[in-house]
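Have a look at the structure below, then the notes.
What follows is calculated from the coordinates using simple rules that are stated; it is not laboratory data. Note that the structure is predicted; figures quoted are calculated from it, not measured. Reconstructed Cβ throughout: ideal geometry from the backbone, glycine too, with neighbour counts over all protein chains shown.
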Amino acid sequence: MPEIYSLASQKGGVGKTSCTLALATGLAQKGKRVLLIDVDPQANSSKVLLADYMADIKPNDTLYNTIIKRGPLPLHKTQYENLTIVPSHIFLSDTDLELANALDNRAARLKNQLDQIKDNYDYIFLDCPPSLGLLTINAFTASDYVLVVTSYGYFELDSTIQISRVINQVKEEYKLNTKLTIKGFIFNLADHTANSRETLALLKDRYQGFVFETQIPRNIAVKNSAFNKTDIYSYDKASPAAIAFTRLMQEIFNV
C-alpha cells in the first residue's frame, strides 16, 4: 500500500513546495515510485518538473480536470524515471466559488480518483495551497498523513494552530477522513538567529514529539535549483540543504 502525504502550511513563504520537491525527487532517485499531485493553483511544483508547462498545459491537462470536471487524474511523466506529476492550474484558485453549489461529496473528488491509481506508487505527495479551503480539504481527505511545513516567526507559529484545527475538523468533526494523522512538523528556512531558535523551541514545546529533529537550513541552492528546473541533489548534492533533506528522508521514511 502506498503512503499518501499532504505537505501543508496555512502561511505562505515557508518553503512548502521546496520541501515537497526535495522529498519527491529524492525518493524517486532512490528507486521509489512517486506521484506528486500539485494542489496549489500557483503551480510552482508543476513549473519546475514540466519543461513544457507554460506552453502546452491546458486546464483539462491538470488537476482542474478532477476537482472541477470530476474526471480522471491527468498523469504526466517528468524528467525523473520514477516520478510522475499531476500538475495544477491557476483556474483552480476559484475552486471554492465553483463548487459552492456542488451536490456531490465535493471534498472527496480527489480521493475518488486517486483511489483508482494509488496502488501504482510507493509514495504520493500532495503539494497543498497556503490556504485552508476546499483544495486543502480535498488533499486531507485523500491523505494518510500531513507533513506541516513551518518556519520561524510569530505568524508562522500561529498558523500551525489553524492548520491543526482544520486537520481535526476533517478527521473528527466532518468525518471525511478519520484516519488522517499529523506525521510531523518540518522546520524549514532555519538559521542561527535568536528568532529561529526561539520559534523552534516554542514549536517543540507545543507539539512535543512531533517536530522532526532535522532542520532544513536557509540556503540559496534551493532557489537556484528551482530556477534551473532541477532537484536540489542534482544541483548541488554537497549543499547544506541537500544534506539536510537527505537526513530528513531518512528520519521520515527510513530510506
Not counting the cut sites, what is the longest span of the chain without GluC sites (Glu not before Pro) that DSSP labels loop and that have at most 13 other Cβ atoms within 10 Å? 82-212
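Over 32 Å between C-alpha atoms is what I'm after, so list which of K179/K223; K11/K179; K58/K183 land there. Mind showing how you got there, number by number?
Working: K179/K223 35 Å; K11/K179 24 Å; K58/K183 34 Å.
Long pairs (Cα-Cα over 32 Å): K179/K223; K58/K183.
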Give the Debye-formula value of log10 I(q)/I(0) at each listed q (0.14 Å⁻¹), with one equal scatterer per alpha carbon of the range 5-70, two decimals each. -0.48
Could you pull out every residue, at least 5 positions away or on a different chain, whose amide H is within less than 5 Å of the one on L63? Hs are placed 1.01 Å off N in the peptide plane, and Pro or chain starts have none. S88, H89
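Starting from the eigenvalues of the Cα gyration tensor, five times each then square-rooted, give me the equivalent ellipsoid semi-axes of the range 209-255, largest first, whole Å.
21, 11, 8
Taking the Cβ of L189 as the centre, find all other residues whose Cβ is under 14 Å away and add up their charges (Lys, Arg: +1; Asp, Glu: -1).
Numbers: positive: K11, K16, R197, R218, K223; negative: E156, D191.
Result for the local shell: +3.
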Spherically averaged projected area in nm², based on the convex hull that wraps the Cα atoms of the chain: 12.7 nm²
Debye log10 I(q)/I(0) for the range 144-236, one point scatterer per Cα, at q = 0.16 Å⁻¹: -0.76
Stretch in the chain that is longest and holds no trypsin sites (Lys or Arg not before Pro) that DSSP places in a loop and that have at most 15 other beta carbons within 10 Å: 71-174
Please state the charge dipole magnitude for the chain, taken about the Cα centre, from unit charges on C-beta atoms (+1 on K and R, -1 on D and E), reported in debye and rounded to the nearest 20. 200 debye
